[in-house]
1. Please go through the range 416-469 and give me each residue that is touching a Ser or Thr at 6+ places or on another chain (Cβ under 8 Å) and closer than 30 Å to residue 568 by Cα, ordered by number.
2. Scan the range 614-626 and give yes if some residue there is open to solvent by 20 Å² or more (accessible area, probe 1.4 Å), assigned to a strand (DSSP E or B) and within 25 Å of residue 409 (Cα to Cα), otherwise no.
3. Cβ-Cβ under 6 Å, sequence separation 6+ or interchain: first residue in the range 137-153 and more than 20 Å from residue 361 (Cβ to Cβ), partner among the aliphatic types (A, V, I, L, M) and assigned to a loop (DSSP other than H, G, I, E, B). Which pairs?
4. If you scan the range 557-572, which residues turn out to be part of a loop (DSSP other than H, G, I, E, B), open to solvent by 80 Å² or more (accessible area, probe 1.4 Å) and farther than 15 Å from residue 392 by Cβ?
5. Please state which of the following conditions residue 389 fails to meet, knowing it meets all the rest: (1) over 18 Å from residue 614 (Cβ atoms); (2) open to solvent by 50 Å² or more (accessible area, probe 1.4 Å); (3) not hydrophobic (A, V, I, L, M, F, W, C).
6. Go through the range 218-253 and give me each residue that's more than 22 Å from residue 425 (Cβ to Cβ) and assigned to a loop (DSSP other than H, G, I, E, B).
7. Within the range 325-352, can you find the residues that are open to solvent by 40 Å² or more (accessible area, probe 1.4 Å) and touching a Ser or Thr at 6+ places or on another chain (Cβ under 7 Å)?
8. Say we look at the range 415-456 and pick out the residues that are in contact with a strand residue (DSSP E or B) (Cβ under 9 Å, 6 or more places away or on another chain) and open to solvent by 80 Å² or more (accessible area, probe 1.4 Å); which of these is farthest from residue 377 (Cα to Cα)?
Amino acid sequence: MTLRRRGAARRRGAVRGRAAVRGRAAVRGVRLLSIAHLGVALFAIIVSVGTSAPVCARADDADGIRAALARAVKDVDASACGDASRRSARPRAASDACPRLRDAHGGREALRAIYDRPGAHPLWLDGSAATPQALALLAQLRAADAYGLAPEDYASPAIATLLSTRDEAATRGQAATRGDAEGERAAREARFDVEVSAAALRFVADLHFGRVDPRQAGFELDAKRRPLDLAAVVEALASTRDVRAALARIEPQFYHYRLLEVALRRYRELAKQPDLTRLPAPARPLKIGDTYGGAPALRRLLVAVGDLPATDSGGAADLTIDASLAAAIARFQTRHGLTADGVVGKSTYAALTTPMPHRVRQIELTLERWRWLPAFDTPPIIVNVPEFRLFAFESTEDRKASILQMDVIVGKSYPSLRTPVFAADMRYVVFRPYWDVPASIVRREMLPAIRANPRYLSEQHLQIVAGPTDAAGALDDARPLAATPANLEALAAGRLRLRQQPGPDNALGLIKFILPNRYNVYLHGTPAHRLFSESRRAFSHGCIRVSDPVALAEHVLRHTAGGWTRERIEAAMNDGSTRRVDLATPIRVMILYGTALATESGDVLFFDDLYGNDRKLERLLGLAAAS
């Protein structure tokens with residue numbers, strides 16, 4: 001009897017009996033097969049069905065099975081980083097030089113749990129041949145790029161090497177004792193089984209949790225993920241009838257994550273056409289009626305990405321920017337966060353000629369960030385910084401029909417003024433707020449203006465005051481102080497503070513939404529509504545200005561006592577007094593960062609890497625810049 005068959009009955013019972021969740025998770029396990037050897041290895045496994053001799057009788061008993069598997073587990077662990085040839089060929093961050101040993105989610109513990117217990121048995125072998133589940137899993141690992149992952153991360157020449165020694169071992173076995181030959185075969189098969197499980201653990205962990213800790217990328221999401229029993233997941237994979245469906249169940253269950261995976265497949269196909277984005281540079285901005293030698297190529301591109309109907313593709317001799325082409329350009333601009341004027345200017349030309357592999361990379365990095373998010377237990381509010389857009393959910397389903405959307409203004413791209421990526425709970429709203437001017441703005445912007453213009457304070461409705469900040473939203477009854485030289489020095493030193501009185505010209509508008517956090521970032525209105533007409537809305541000092549504060553207030557107060565209708569909200573904004581209203585239930589607010597978004601209509605949106613976070617994540621993942 002072979003190594004596999006003796007343990008099959010035990011495996012089926014054990015898999016059914018394991019708990020669905022144990023609280024362990026896996027990190028990147030051992031790589032399975034190098035891409036170069038994967039096809040050869042699969043062929044060798046398939047051919048082995050019906051051709052390999054049974055494993056020796058010595059390994060046929062339970063103790064022999066467990067001993068062979070236990071030795072294989074130790075060998076896999078010990079060889080994790082001993083040979084540079086076992087590592088992925090692509091460069092990695094210094095902290096990730098030995099990915100097999102990184103164990104943030106309990107990968108080693110999970111691997112031992114599978115094999116280091118009574119009744120341990122091979123999961124992936126039927127006789128000496130790979131099971132259908134093993135073959136299906138190997139196919140998924142080979143196609144890891146369909147998930148936005150790297151196939152080489154789950155590859156190792158170890159299995160290919162073990163399989164390639166089959167004939168050599170058989171030749172040696174003719175001169176050796178039968179027991180020695182069979183013992184070698186048992187060791188190879190045990191090693192194969194453990195390598196497959198280790199690669200599966202790593203793949204499952206990457207698919208569920210992501211490949212890097214979001215804090216390394218500067219994302220303070222402060223969200224505990226639900227535990228995942230990776231040992232149970234891998235054992236279930238080994239017995240399921242549908243490996244792909246089982247993997248889908250451990251991925252993020254967000255609808256827009258799935259849409260983005262579909263978009264990834266589409267853009268990978270587009271990336272196979274490198275000439276698609278090669279357009280001649282126009283001498284000047286192109287508008288309707290202009291002649292452009294690259295018009296046929298531009299039409300081909302816009303047809304390929306879905307912005308121009310194929311029926312409007314024109315002919316090779318059609319060099320005119322006509323109305324249909326201008327409309328397609330405007331649709332392209334809308335999808336890329338540009339002013340939709342149908343004119344090919346500098347920014348639009350840059351977006352049109354961005355290579356498709358770069359778009360693929362944007363999708364991959366955004367999928368990685370989706371994996372960092374916990375499931376929504378309550379309807380959240382999400383701000384996507386590079387999109388300059390807010391999404392207020394009415395349910396935990398990420399469907400457009402149940403999401404309030406509005407434009408926002410975020411922090412400037414200068415490092416100290418950027419809007420941070422974090423999560424916090426919105427707890428209250430303040431109507432007619434004071435604005436306590438941050439000390440950095442006071443020193444850098446306000447004090448020079450005050451010293452240059454004695455009327456600056458009164459013109460801007462600013463007051464120098466003592467005492468604690470009004471950030472809590474209570475009525476600030478501090479007595480204003482005169483702008484004497486001594487008080488200005490105290491203001492510069494931080495012993496006094498500067499506030500702006502409530503009113504329509506207050507920098508916060510007439511409502512602010514408070515989510516206590518260490519960055520002192522909050523959402524608020526603004527008197528500068530004209531800035532919302534800009535396509536690139538990075539104008540603030542880090543806080544988030546919302547284009548429709550009344551609609552947002554109506555949304556967040558909808559379950560709060562007091563009948564907060566739109567009419568009552570507008571009355572509170574204009575009744576002359578500052579008022580704080582606590583939310584009945586805190587609302588989770590997530591300030592996120594994604595440069596690609598797939599929509600329910602089928603459009604794929606792309607945004608500029610406003611703060612360079614894509615480049616930072618690329619470095620953390622050890623990826624060369626896409627081109």
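The values are calculated or read from the model by the stated rules, or taken from the named source; none is laboratory data. As the structure is a prediction and not an experimental result, all values here were calculated from the model. Neighbour counts are summed over all protein chains in view; Cβ atoms, including those assigned to glycine, are modelled from backbone coordinates with ideal geometry. We work out accessible area using only protein heavy atoms, side chains counted, and drop any ligands, DNA or RNA first. Shrake-Rupley method; radii C 1.70, N 1.55, O 1.52, S 1.80 Å.
1. Of the residues in the range 416-469, the ones touching a Ser or Thr at 6+ places or on another chain (Cβ under 8 Å) are 416-417, 419, 430-434, 436, 440.
Once the filter is applied, which keeps residues that are touching a Ser or Thr at 6+ places or on another chain (Cβ under 8 Å) and closer than 30 Å to residue 568 by Cα, the range 416-469 yields 430, 431, 432, 433, 434, 436.
2. Quick first cut of the range 614-626, residues open to solvent by 20 Å² or more (accessible area, probe 1.4 Å) only: 615-616, 618-620, 623-626.
The next check asks that each one be assigned to a strand (DSSP E or B); those that pass are none.
The answer is no, given that none of the residues of the range 614-626 is open to solvent by 20 Å² or more (accessible area, probe 1.4 Å), assigned to a strand (DSSP E or B) and within 25 Å of residue 409 (Cα to Cα).
3. As it stands, the answer is 141/32, since those pairs meet every condition given.
4. Taking the range 557-572 as the starting set, the residues that turn out to be part of a loop (DSSP other than H, G, I, E, B) are 557-565.
Next, only the ones that are open to solvent by 80 Å² or more (accessible area, probe 1.4 Å) stay: 558-559, 561.
561 - this is the single residue of the range 557-572 that is part of a loop (DSSP other than H, G, I, E, B), open to solvent by 80 Å² or more (accessible area, probe 1.4 Å) and farther than 15 Å from residue 392 by Cβ.
5. Looking at each condition in turn, residue 389 falls short on (1).
6. Taking the range 218-253 as the starting set, the residues that turn out to be more than 22 Å from residue 425 (Cβ to Cβ) are 227-251, 253.
If the condition is that a residue be more than 22 Å from residue 425 (Cβ to Cβ) and assigned to a loop (DSSP other than H, G, I, E, B), then 227, 228, 229, 238, 239, 240, 241, 242, 251, 253 are the ones that fit.
7. Scanning the range 325-352 gives 339, 340.
8. Going through the qualifying residues, I end up with 418.
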